[in-house]
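Notes to accompany the following structure.
The values are calculated or read from the model by the stated rules, or taken from the named source; none is laboratory data. These numbers come from a predicted model, not from an experiment. Virtual Cβ from ideal backbone geometry, glycine too; neighbours counted across all protein chains shown. In case anyone asks, the SASA skips ligands and DNA or RNA and just uses the protein heavy atoms, side chains included. Shrake-Rupley method; radii C 1.70, N 1.55, O 1.52, S 1.80 Å.
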Amino acid sequence: MAGLILVLGRCDLANPTEPQSLVVEAFFTTDRPLPSITLRRTRPLDAPGSRDDNAAAGAAIEVVLDGESVSYEEHDARPGLYVPEATLGTVPADVPWALTVEWRDEVARAQGRTPPPIDLGEVCVEVPDAPVQAIRVDSLRRDSLDIPAEQGYLYPINVSVRWPAGTLPPGADTTHWVRPQLRPDTAEFSSRVVNFFLEPVDVRREDQFRTRNGQRAWRGVYAVPVAGRTSALPGHDLTVTIARGDTAFAAFARSRDDPERREPVSNVEGGLGIATAVAIDSLRRTVEGTGKQCYVP
């Protein structure tokens with residue numbers, strides 16, 4: 001990689017949303033306890049409020065998981081945050097779930113099926129011996145040919161991720177989607193502009209990832225900027241996360257950073273937001289020095 005041209009994207013202005021719309025955030029995670037659920041209400045752009053102002057307080061929530069019903073109650077100190085009144089243990093794999101929320105005159109619903117668990121296998125990190133040159137171009141000044149450019153250097157770090165492919169019985173659901181993601185511990189190491197040219201995250205149907213020796217595989221890249229061509233790689237922690245979900249999860253994950261949209265794709269009937277079931281695994285390791293290092297959970 002001789003260099004990168006990083007182009008700043010445009011910023012769109014969003015129109016005001018309708019006031020008092022219910023926004024749901026619920027993620028049911030396989031093999032973990034029932035989650036808390038967050039409810040908010042939309043507000044017009046010219047009347048922003050605090051977290052408490054935006055909370056949808058006083059709602060009634062019911063979750064049906066594999067035929068068993070659980071009611072939720074609002075947290076004493078956190079308006080808009082709801083917790084289960086009883087525990088059913090951990091969320092099992094491959095069972096149906098349904099969510100019903102009643103707030104004022106609105107009723108929001110969502111349903112789905114929990115995915116099988118997902119487990120990270122080997123994670124390999126490859127750091128080049130020296131940084132590469134990067135040119136950052138500010139494309140916001142479209143009325144002039146004098147486009148300002150700024151030269152810098154960065155380490156493009158390749159990370160390969162593997163997880164067991166598993167076997168599916170005849171007639172089983174094959175529409176699971178997987179989202180591998182690389183997250184360095186410092187926000188400066190990544191940006192929307194840099195990520196457009198690299199690939200620190202991906203969302204694909206699981207059967208679209210290549211398979212070798214019974215393992216699914218994905219290769220991503222993230223960047224660490226440095227001061228000059230002789231700068232050493234700063235030591236940092238990297239978290240590799242992998243999540244499996246359904247088509248609603250994939251649509252939400254793909255659209256949450258889309259600048260053309262006012263909000264991510266929602267699967268909530270009668271409201272906005274996301275209510276879905278996922279399976280998650282992650283690995284956190286310190287990255288320092290050059291060369292290739294492999295880790296196994």
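Per-peptide packing, taken as the mean over residues of other Cβ atoms within 10 Å, places 208-219, 57-68, 114-125, 270-281 in the sequence 270-281, 114-125, 57-68, 208-219 from highest down.
Residues ARG244, ARG284, sorted by accessible area with the largest first, give ARG284, ARG244 [1.4 Å probe; ligands and nucleic acids excluded]. For the pair CYS294 and GLU122, the difference between a 0.36 nm per residue extended length and the Cα-Cα distance amounts to 61.2 nm.
Among rounded, prolate and oblate, which fits the range 28-132 when a ≥ b ≥ c are the square roots of the eigenvalues of its C-alpha gyration tensor, a/c under 1.5 means rounded, and a/b larger than b/c means prolate? The shape class here is oblate. Fully extending the segment from ARG113 to GLN208 would add 32.1 nm, taking 0.36 nm per residue of separation and subtracting the current Cα-Cα distance.
Using the alpha-carbon centroid of each, what span in Å lies between the range 83-102 and the range 224-297? The range 83-102 and the range 224-297 have Cα centres spaced 25 Å from each other. Computed with a 1.4 Å probe on the full set of protein chains, the accessible area for ARG78 sits at about 90 Å². Of the GluC sites (Glu not before Pro) found in the range 213-297, the ones in coil according to DSSP and having at most 16 other Cβ atoms within 10 Å of their Cβ are GLU260, GLU288.
The chymotrypsin sites (Phe, Trp or Tyr not before Pro) of the range 233-297 include none that meets both conditions, a loop assignment by DSSP and at most 10 other Cβ atoms within 10 Å of the site Cβ. Taking the Cα centre of the range 22-114 as origin and assigning +1 to Lys and Arg Cβ atoms and -1 to Asp and Glu Cβ atoms, the resulting dipole is close to 280 debye.
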